[in-house]
Structures are given as structure tokens and as C-alpha cells.
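The values are calculated or read from the model by the stated rules, or taken from the named source; none is laboratory data. Because the structure is predicted, anything quoted here is derived from the model rather than measured. We place every Cβ from the backbone using ideal geometry, glycine too, and count neighbours over all the protein chains shown.
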């Protein structure tokens with residue numbers, strides 16, 4: 001039996017309950033623990049396995065080291081009709097971005113479009129979590145973040161000055177699943193490199209290069225090179241601009257100021273992110289819009305296929321199937337992760353998963 | 001002497017005056033002709049040679065065929081504090097997007113951020129033209145458009161359902177040139193393919209593939225294949241989402257409804273685009289922000305280089321140098337273009353360039 005087939009499946013609610021217990025045990029207020037746990041378990045339900053409970057031991061370590069403020073005053077620092085800027089007060093990023101997305105949604109209901117940024121936030125999990133919050137209110141959501149460690153240089157250089165700065169865009173459909181794009185501006189997200197390293201697998205050429213510009217395919221040598229942006233200088237430009245909009249504009253860290261949150265457990269990361277909510281009804285009849293998105297599904301799917309392809313996928317389609325399966329069968333918890341969560345439970349003296 | 005060195009240089013004002021005469025000759029009101037001519041000449045000044053006076057003969061052809069409304073009522077159809085939707089009334093796209101960018105800038109001065117979309121617009125030239133308008137008011141500008149012809153299929157398919165849907169983002173600096181990203185979501189913009197075909201050059205692998213998925217490097221065979229999105233399925237997803245935001249959300253054409261404006265001179269293209277203006281002062285002290293952008297310039301430029309690279313470039317840097325040169329020396333007009341403009345002048349009985 002391989003590690004893959006040995007993964008046990010844990011119901012989303014149970015997973016969320018475990019995460020909540022862990023955070024409560026290290027002193028997080030009950031309501032906040034519930035909010036963060038629910039978002040982390042949702043990340044697992046959506047198949048973002050590198051962004052859910054997998055992060056719990058590291059988050060706990062950071063909280064114990066004093067790197068996260070457990071009694072934050074997350075507040076609106078600046079506000080106008082079409083925007084707000086939050087001071088995250090070094091809270092868990094999930095709390096800051098949950099607040100940002102809810103606020104953007106509320107403001108967009110009035111202003112039509114609202115852009116809410118934050119500084120002094122922290123790692124908040126997968127980008128799509130926060131683009132999906134406006135979706136629940138029938139709106140379009142958009143999220144951009146400055147990544148929490150620099151994994152690539154400017155195009156043509158070798159100094160790690162940029163992160164994978166991801167974007168997520170979520171658009172509702174009528175009878176089809178929503179379209180949800182969630183992508184790093186690099187060919188591969190860094191989490192994928194870590195996963196390959198864990199599993200002892202190699203990477204395809206095109207993910208990373210070394211400092212001489214040669215292909216790097218051994219993920220255990222990741223420190224000797226860097227990620228490649230999508231489309232070369234284009235992905236570099238896009239990631240750079242996203243970093244400016246999510247970082248500098250919000251008064252958050254960017255470039256050399258970025259704190260590697262895995263290497264430094266104490267310094268405030270001053271992470272910057274933003275959410276845009278778009279009230280579809282401000283532009284067009286929302287039902288007509290959603291029917292058009294159904295047509296986008298059908299049209300794209302109906303294209304003849306290139307040799308070697310079995311189907312055409314829409315953004316968010318794979319995630320939709322994974323989520324249905326995970327919510328019905330439980331989230332797969334791989335043995336190595338299971339052991340680390342059992343250790344954590346013993347350490348915190350809480351009921352195990 | 002090659003065609004390249006034989007290009008004569010024409011002052012930007014002179015170029016603008018010629019374009020204005022041509023549009024006036026085919027019945028465009030004087031003020032509109034001045035606005036469009038000025039934007040087209042600016043495109044040439046910025047080095048977007050495929051988007052400036054190069055397009056004049058085709059625009060004139062379309063106007064004469066009745067495909068453009070010369071007496072448009074460009075009006076605000078819907079409006080809230082953070083957004084507006086324009087009905088372009090099938091006007092020249094330059095007029096619609098100029099209006100959209102000015103409106104977004106005005107609204108952002110109040111709301112902090114403003115998003116202005118349009119339907120029934122037309123081709124408007126390079127994306128960066130409209131991202132640069134908020135820049136003149138010290139703001140950040142962002143522009144996204146649905147392209148005017150489909151040049152790529154959904155990822156894994158062969159039916160041309162998507163355009164190169166470009167994005168431009170413009171950010172002001174203090175003592176450095178602004179950062180201006182202007183990119184198609186494909187590895188190469190279609191205009192680059194056309195330019196290679198004109199010059200009898202081949203294309204590098206990675207720009208296009210044929211219907212069997214094989215590399216296509218002969219630009220004269222461009223009709224037998226399609227452009228590749230940046231980062232494979234990622235660029236496809238990004239282009240698709242941009243198309244939904246700029247097209248469907250605005251009630252504009254997308255997918256199978258896209259009119260190829262070169263093949264069909266008469267049908268309204270119902271082009272969709274949007275501009276976002278961000279008032280930096282709503283988020284952060286604008287001078288501090290601009291100094292940070294200067295630091296971005298210096299930091300990126302100071303990175304050690306990869307073998308094979310001579311320098312690190314920032315988005316908009318090359319354009320900045322081209323613009324300085326073109327404004328000092330004049331815009332290069334290549335002999336083939338010069339001849340077609342001379343023919344146009346004779347045809348319209350206007351003073352030649």
C-alpha cells in the first residue's frame with residue numbers, strides 16, 4: 001500500500017474542529033479560532049492541500065514564538081466609497097482577509113465596485129478563498145497577494161527579490177460551477193516544489209533554473225535556483241505590478257523588505273493583500289450575466305480537441321470536482337501529515353484529529 | 001540601404017496633424033478627429049508601431065464602409081460611486097476609452113478607486129494609452145480589453161474562441177520613469193506575427209502551434225494555427241477571465257460573438273474594455289509611494305545578472321527610451337507604410353504626411 005492509498009479521509013467539520021482546538025490551546029480567542037479553522041478546512045476541502053491543515057504546525061510554532069498577534073485590533077485605517085485600507089495589526093492573515101472580503105462585498109453593494117487592501121496582515125492560505133467570499137453574495141471577487149517569501153529574481157537577474165504573487169478571480173454562473181482562477185505568476189507555485197521534494201520526485205524542466213540559468217529539476221536543490229515566471233518577462237512584470245498593488249500601495253512589505261515567514265518566526269511579516277468585489281447588478285442584469293457564464297462553459301467545452309488532450313477544462317473545474325469528493329468522502333490526510341498532527345495534538349494536550 | 005535605415009522620421013505633432021486631416025476628410029467632427037489623432041500619434045511615439053498610424057488606412061476603410069458611428073452619443077448608462085458603464089454607441093474606441101479613463105480618474109478622486117467599463121466600443125490602440133491617463137493625474141491606471149479578433153482556442157482545444165486580451169498597469173514614480181506594464185496574455189501579440197510576416201522572418205518556437213499541436217514558425221502560415229497563452233493553461237485562464245470582466249460584464253462581445261474587425265468592416269464589433277483608476281492618496285502618502293517606486297527601480301536594477309543578460313529591465317523602461325528618442329528625432333515611418341499613407345492622402349485629397 002502506497003502513502004497515497006493509505007491516506008485516511010477526515011470529514012471537513014472534524015478537520016475544522018481539530019484546527020479550532022489547536023488554536024484555542026495556544027490562546028487564540030474562540031471566535032477567531034473558529035473563523036481561521038473554517039477557512040483552513042475550506043482550503044483542504046478545495047484541494048489546496050499545501051494551504052490548509054498542512055500549515056497548522058507552522059502557524060502554531062509562529063504563534064508560540066510571538067510572531068502573530070492573538071489580540072489584534074483589525075481596523076479600517078482609511079476609507080472612501082470605493083475603497084478601504086485595513087491595518088491587520090499582525091493578526092492571522094485569514095482574519096484580516098476575511099474581514100477585507102466581507103467589507104469589500106458590503107461596500108460594493110453600495111458603490112458597485114470596492115477595493116479593500118491591508119497591511120500588517122499575514123499568510124492567509126490560498127488566494128481563491130477570498131475571491132470566493134464575494135461569490136457567496138452573487139458578486140465577482142478578485143484577490144491579489146504579496147507572497148511570504150521571495151522565490152524569484154527580476155527577469156535576467158539572480159537575486160531573490162520577488163515572490164510568486166498570486167491572483168484569484170471568481171465569477172458566478174447560473175447552473176454551472178463558478179469560474180475560479182487561482183494562479184501564481186510563476187510556472188509552478190513553490191508549494192508544488194516542496195511537495196515534489198517530500199515525495200522524492202523530480203520536477204519537469206521549465207519550473208526552475210539554477211544561478212547559471214540551467215534547468216533545475218531536483219526539487220531538493222531548490223535553494224540553488226529560482227522559480228520561472230509565466231511567459232518570461234511578462235510573468236515577471238505581472239508579478240512585480242501585483243506586488244506593488246498588494247504591497248507598496250497598502251504600506252506593506254515588498255522586495256528586500258519581505259520576511260521569509262518560514263525562516264523567521266518572530267518578525268512581523270507586514271504582508272499586503274487586497275480584495276476587489278464587483279456587484280454584477282451595477283453593470284448588467286445578474287441573471288443574464290450568469291447565463292452568459294453558463295454559455296462560456298458550454299462554448300469552451302465544445303471546442304474540438306488538440307491531439308493529446310482528453311477534455312477542455314475551465315478555471316475552477318478540477319477544484320469543483322475535488323471539493324464535491326472531499327465534502328462527501330472526507331479530506332485525504334496523508335500519513336506523514338497525520339503523524340505530525342498527532343504529535344501536535346499530544347504537544348498541545350488536545351483531542352487528536 | 002535596408003528598409004529599416006530608410007525609415008524617415010516624422011515629428012509627433014506632424015503625424016498627429018496628418019491623422020486628424022484624414023479623419024476630418026471622412027466626416028469625423030473636428031474635436032473627435034483631434035482626440036483620436038493625438039492618441040494614435042502617442043501610440044507611435046511610445047513605439048507601439050502596430051497600433052498607431054499603421055492602423056489609419058484600415059480605420060478609414062471601416063469608417064467609409066459605415067462600420068463606425070461618426071456622430072456617437074457616448075453616454076454613461078449606469079453609474080455608482082465606484083463604477084460607471086459607458087455605452088460607446090459604436091464610436092471610435094479611442095473616444096470611448098479616453099472618456100472612460102477621464103471619468104475613472106474623476107470618480108477615483110472622490111471614491112478612491114473607480115472602475116469604468118464600456119460596451120459598443122471599438123479597437124482603441126495599445127492598452128497602455130489608457131492606463132497612462134490616470135498617471136497624468138498622479139494616479140495608478142489599469143486597463144483590460146477584449147481583443148478584436150480571436151487568435152487562440154481554450155487550452156487543449158483548436159477552435160479560435162479567445163483573443164489575446166491584454167492588460168496594462170501604470171504606476172507613477174518620483175524621479176524615475178513610471179512603471180508601465182502592457183502585455184497580451186499570449187506569448188506573442190498577434191501584431192508581432194504580422195510584422196514577422198511582412199519582413200519575411202520566421203518566428204521562434206513557442207509563439208504559435210498548428211492544429212496538430214506542432215510548433216509553427218512560418219508567420220505566413222499563421223492562419224493554420226494559433227497563438228500560445230503565457231504559462232499554458234494559466235495564460236488561458238487569465239485571458240478568459242479578463243475577457244469576462246471586459247466583455248460579458250459590460251454587455252460586450254466575447255467568444256463566438258467576437259467580430260473580426262479586419263474581416264468584417266460593417267458589423268458593430270461591440271468591443272468591451274475597462275479602466276480602473278486608483279487615487280494613491282486614498283491609501284498612502286503619494287510622495288512616499290512614488291519614492292518607493294524609485295526604490296523598486298534601484299533594487300531590481302542592482303540584482304546580479306544571469307549569464308547571457310546585459311541588464312535588468314523594468315516594465316515600461318524600453319518604451320520610455322523609445323518615446324524620448326521618437327519625441328526628439330521623430331517617429332520612424334517605414335517606406336511601405338509611408339507609401340500606403342501617401343496613397344491614402346491622394347485618395348482623400350488631403351495634404352500628405
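Just a few scattered comments:
- Restricting region B:106-127 to residues that are within 22 Å of residue B:183 (Cβ to Cβ) and part of a loop (DSSP other than H, G, I, E, B), the residue that is nearest to the other protein chains (Cβ to nearest Cβ): B:127
- Region B:212-241, residues that are in a loop (DSSP other than H, G, I, E, B) and in contact with a helix residue (DSSP H, G or I) (Cβ under 6 Å, 6 or more places away or on another chain): B:230
- Hey, residue B:312 assigned to a loop (DSSP other than H, G, I, E, B), closer than 30 Å to residue B:109 by Cα and over 23 Å from the mean Cα position of the chain (by Cα) or not: no
- Filtered residue count, region A:253-276, keeping only those that are facing chain B (nearest Cβ under 10 Å) and in contact with a helix residue (DSSP H, G or I) (Cβ under 7 Å, 6 or more places away or on another chain): 5
- Options B:322, B:293; residue that is in contact with a strand residue (DSSP E or B) (Cβ under 9 Å, 6 or more places away or on another chain) and part of a helix (DSSP H, G or I): B:293
- Listing of strands (runs of 3 or more DSSP E) fully contained in region A:1-105 that carry 2 or more residues being surrounded by 22 or more Cβ atoms within 10 Å (Cβ to Cβ) and touching a residue at least 12 places away in the same chain (Cβ under 8 Å): A:83-87
- Of all residues in region A:166-215 being at positive phi and more than 9 Å from every other protein chain (Cβ to nearest Cβ), the one that is surrounded by the most Cβ atoms within 10 Å (Cβ to Cβ): A:206
- Residue within region B:141-148 that is in contact with a strand residue (DSSP E or B) (Cβ under 7 Å, 6 or more places away or on another chain), more than 9 Å from chain A (Cβ to nearest Cβ) and modelled with pLDDT under 95 present: yes
- Residues that are farther than 19 Å from residue B:123 by Cβ and more than 14 Å from every other protein chain (Cβ to nearest Cβ) within region B:72-101 comprise B:73, B:75, listed in sequence order.
- Hits in region B:255-289 - residues which are buried (at least 19 other Cβ atoms within 10 Å of the Cβ) and in a helix (DSSP H, G or I): B:255, B:280, B:282, B:289
- Inside region B:333-353, residues that are surrounded by fewer than 19 Cβ atoms within 10 Å (Cβ to Cβ) and either within 8 Å of another protein chain (Cβ to nearest Cβ) or under 21 Å from the mean Cα position of the chain (by Cα) (or both) make up a count of 1.
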